[in-house]
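Novice: Quick one: the structure is below, and I'll ask about it shortly.
The values are calculated or read from the model by the stated rules, or taken from the named source; none is laboratory data. No experiment lies behind these values; they were computed from the predicted model shown. Quick reminder, even Gly has a Cβ in these numbers, built from the backbone with ideal geometry, and neighbours come from all protein chains shown. Remember, those area values only see protein heavy atoms, side chains included, never the ligands or the DNA or RNA. Shrake-Rupley method; radii C 1.70, N 1.55, O 1.52, S 1.80 Å.
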Amino acid sequence: MAKAAQSGELRAAFQKHERETHEHVARLEKVFAEIDESPRGKTCEAILRIIEEGHDVMKEFKGKPALDAGLLAAAQAVEHYEIARYGTLKTWAAELNFDQAVKLLDTTLAEEKKTDETLTELAQSGVNQHAEAAA
Ligand SMILES: [Fe+2]
């Protein structure tokens with residue numbers, strides 16, 4: 001999505017969050033260590049479908065002014081899904097007294113929320129207007 005974005009600001013936001021996502025994975029590994037479990041890969045159909053939506057947008061709007069607005073909307077769907085999941089995990093960790101996990105999950109949750117806010121600001125400060133202007 002970063003490669004597909006036309007706006008430099010949107011591309012930078014995607015790239016920044018991609019770097020953060022590597023940290024999210026590292027934090028999850030620490031969470032698993034605290035609960036004495038080992039991480040296993042499990043396919044999540046919901047997130048795969050949301051990502052597929054992003055690919056659909058890239059195909060449908062390639063070269064069109066609405067591309068960035070569509071990419072941004074797809075990215076926010078991903079962030080909202082992550083916010084839901086990390087929020088639940090943080091609550092469960094707190095209820096089970098995994099204090100380190102709560103801190104780790106809270107840090108990630110804060111970054112997901114910040115990314116969502118940044119995307120909203122970008123949408124409102126130009127990306128959506130760019131799409132509307134050409135409609
Ligand atoms: Fe995210």
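Novice: Sequence gap of 8 or more, or different chains, plus Cα separation below 17 Å: how many lysine pairs satisfy both in the chain?
Specialist: 13
Novice: How high is the relative contact order of the chain? Use alpha-carbon pairs under 8 Å, at least six apart in sequence, and give a whole percent.
Specialist: Numbers: 118 pairs, mean separation 42.8, N = 135.
Worked out over the chain, it gives 32 percent.
Novice: Where in the chain is the longest stretch that carries no trypsin sites (Lys or Arg not before Pro) classed as loop by DSSP and with at most 14 other Cβ atoms within 10 Å?
Specialist: Values: sites that count: LYS3, ARG40, LYS42, LYS62.
The longest such stretch corresponds to 63-135.
Novice: How compact and how long is region 1-92, expressed as Rg and Dmax of its alpha-carbon atoms in Å?
Specialist: Final numbers for Rg and Dmax: 15.4, 49 Å.
Novice: Residues of the chain: accessible area per residue at 1.4 Å, in Å²? Could you put the intermediate results ahead of the total?
Specialist: Numbers: 8630 Å² over 135 residues.
Per-residue accessible area for the chain comes out at 64 Å².
Novice: So, one more: Between the DSSP loop rule and a limit of at most 16 other Cβ atoms within 10 Å, which GluC sites (Glu not before Pro) in region 1-90 are left? Numbers along the way, then the final one.
Specialist: Working: sites: GLU9, GLU18, GLU20, GLU23, GLU29, GLU34, GLU37, GLU45, GLU52, GLU53, GLU60, GLU79, GLU82; in loops: GLU37.
Qualifying residues, ordered by number: GLU37.
Novice: What ³J(HN,Hα) values, in whole Hz, does the Karplus curve 6.51 cos²θ - 1.76 cosθ + 1.60 give for region 55-69 when θ = phi - 60°, with x put for Gly and Pro?
Specialist: 5, 4, 4, 4, 5, 5, 10, 3, x, 9, x, 7, 4, 5, 4
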